[in-house]
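Values quoted throughout were computed directly from the atomic coordinates according to the rules given, and no laboratory measurement underlies them. Predicted model only: the values in this text are computed from it and were never measured. Cβ atoms come from the backbone with ideal geometry, glycine included; neighbour counts cover every protein chain shown.
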Amino acid sequence: MLAAIANTFSNCFKIPELKSRILFTLMVLAICRLEAVITVPGLNGAALAEFFRQNTASGSSVLGMYSLFTGGALEHCAIGALGIMPYISATIIIQLLTAVVPTLSKLVREEGGRTKIIQYGRYLTVLLCLGQGFVLALGWERPEQIFGQGIGRLVLYPDDWLWWYRIQTTIILTTGTMLLMWLGEQITERGIGNGVSLVITIGILARLPQAVVALKDMFFPGGGIEARFNFGHAIALVLLLAGVIAGVIAITQAQRKVPVQYAQRAVGRKVYSGGTSFMPLRVNYSGVMPIIFAQAILMFPQKIFLFLGQTLSDVENPAAKFFSELFRKLAVNLAEGAFLYIVIYAVMILFFSYFWVATQFNELQIADDLKKNGGYIPGVRPGQATSDYLHNAMSRITLAGAIFLTVIAVIPILLYAELQIPYPVATFFGGTSMLILVGVLLDTMRQMETHLLMRHYDGFLKKGRLRGRF
């Protein structure tokens, strides 16, 4: 099997067009990685990187997750510290607005409307970059308030040059993100795979060497220290990793095929014959979005309660003391890995899975399009009955996808909090990183297989075909 896969990859370089696309993609991704190591002028990136290496617990925070997506650019104070996430955020905001704002919803269906929506997304990306870049510049000014104690001063400019530092850093970070966005679009157009997704993927894979070192230290700590993990733990981790990958692949490609029958119809002088097709309804329709939403929201309450508890502790008042203790307990219970945190996290993933389907899956529009094109679902009346049928079917399969997302998202937290497995290792056993890696690699392999089959080469699978995420 491995020989067949290696032979398939070698066939990719026998097709000139596919070879040039692969080499172009690799070259652009290498440029993207340069953005993660070039430090912003006027900052001591080495000090923050050393702090992150010595304090692996900081990787469990949302800042650690953000650093994961940027491939370590955040902790190096690099020009690509914002990563591609502002563009992703802008795209998500525009998608949600399209579902609720009638003007945008109408624009999408017009000729050239998609181009306008993409243009609005780029404008919004610039605004988000300017805002996030300025906040990040302020954060690097006071690193101990964000990252923890013991970092020291990161800004190398004197105090009377701070405004110059802030403006310069904001512009550089905005430019870095816009360059990443442009490079991602170039990969999509002239390379292989989805460019923006590959930029995120290469950032996640950049943390793999750190995970390998942490994995080695788990079993061979050195320095005469006895290892806490043995051969049995290694077998269990390998089996868990294989199970997680298999489950992610299965759910990512899982879909319910709803049969659709088209009647014979005449348009002008042309007569279109009827036929039978199917409508694929994806089980994991929302992808990785519910996990990102849940993590982004849960990052605030714990810090807010901790701040309130510390503030009220200085007030000489029985009521203030009571609320101070209450807020401190809430902050402890909402820390990542706590039971209450995991319960709220799971409930929010279930909620956002249905929320994303409710805003992005328009069963009324689908039923109307089927009716206009002479299509119907066998046994279901066209119109409102079709819309209700699709709504009920999507609700049922979304529950299965949401439960799967919850399990995948909780696995790294349990490994880190309960089994004390290093966070760089735990992140590759589920969560957003595994979902993104598997989804992007499946999509890229599907595009490569399409090129191979067009030139009469064997694909990656002898039987069946790879199905992409879309």
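Values for this structure:
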{"quantity": "Rg over Rh, two decimals, the stretch 296-371 (C-alpha only, Kirkwood Rh)", "calculated": "1.33"}
{"quantity": "At q = 0.12, 0.21 Å⁻¹, base-10 log of I(q)/I(0) for the stretch 230-370 (Debye sum, equal scatterers on each alpha carbon)", "calculated": "-0.79, -1.23"}
{"quantity": "5 angstrom amide H check on A78, placed H, neighbours 5+ away", "calculated": "V40"}
{"quantity": "222 nm mean residue ellipticity, helices alone, for the chain (DSSP H n ≥ 4; -39,500 (n - 2.57); rounded to 500)", "calculated": "-22500 deg cm²/dmol"}
{"quantity": "Rough spin-label spacing in nm, given labels placed 7 Å along Cα→Cβ, for M299 and E226", "calculated": "4.0"}
{"quantity": "Per-residue HN-Hα couplings for the stretch 229-242 [Karplus 6.51, -1.76, 1.60; θ = phi - 60°; Hz; x = Gly/Pro]", "calculated": "10, 10, 4, x, 4, 4, 4, 4, 5, 5, 5, 5, 4, 5"}
{"quantity": "Under Karplus coefficients 6.51, -1.76 and 1.60, residue-wise ³J(HN,Hα) of the stretch 417-427 in Hz, glycine/proline x", "calculated": "7, 8, 9, 6, 6, x, 4, x, 7, 4, 5"}
{"quantity": "Rounded tilt (10° steps) of 162-190 against the dominant C-alpha axis of the chain", "calculated": "30"}
{"quantity": "Net +/- balance of residues flanking A338 in space, Cβ distance below 12 Å, scoring K and R +1, D and E -1", "calculated": "-1"}
{"quantity": "Relative contact order (percent, whole number), the stretch 1-206, Cα cutoff 8 Å, 6+ residue spacing", "calculated": "29"}
{"quantity": "Convex hull per residue volume in Å³, alpha carbons only, for the stretch 1-206", "calculated": "164"}
{"quantity": "Pair A236, F278: separation of 7 Å Cα→Cβ label points (nm)", "calculated": "4.0"}
{"quantity": "Rh (Kirkwood; distinct C-alpha pairs) - the chain, Å", "calculated": "25.2"}
{"quantity": "Folded to 0 to 90 degrees: helix 339-360 orientation relative to the chain principal axis, Cα", "calculated": "30"}
{"quantity": "Interchain or long-range residues, amide H under 5 Å from V258's placed H", "calculated": "M279, L281"}
{"quantity": "Crossing angle, helix 16-35 versus the chain [Cα axis fit, 0-90 degrees, rounded to tens]", "calculated": "20"}
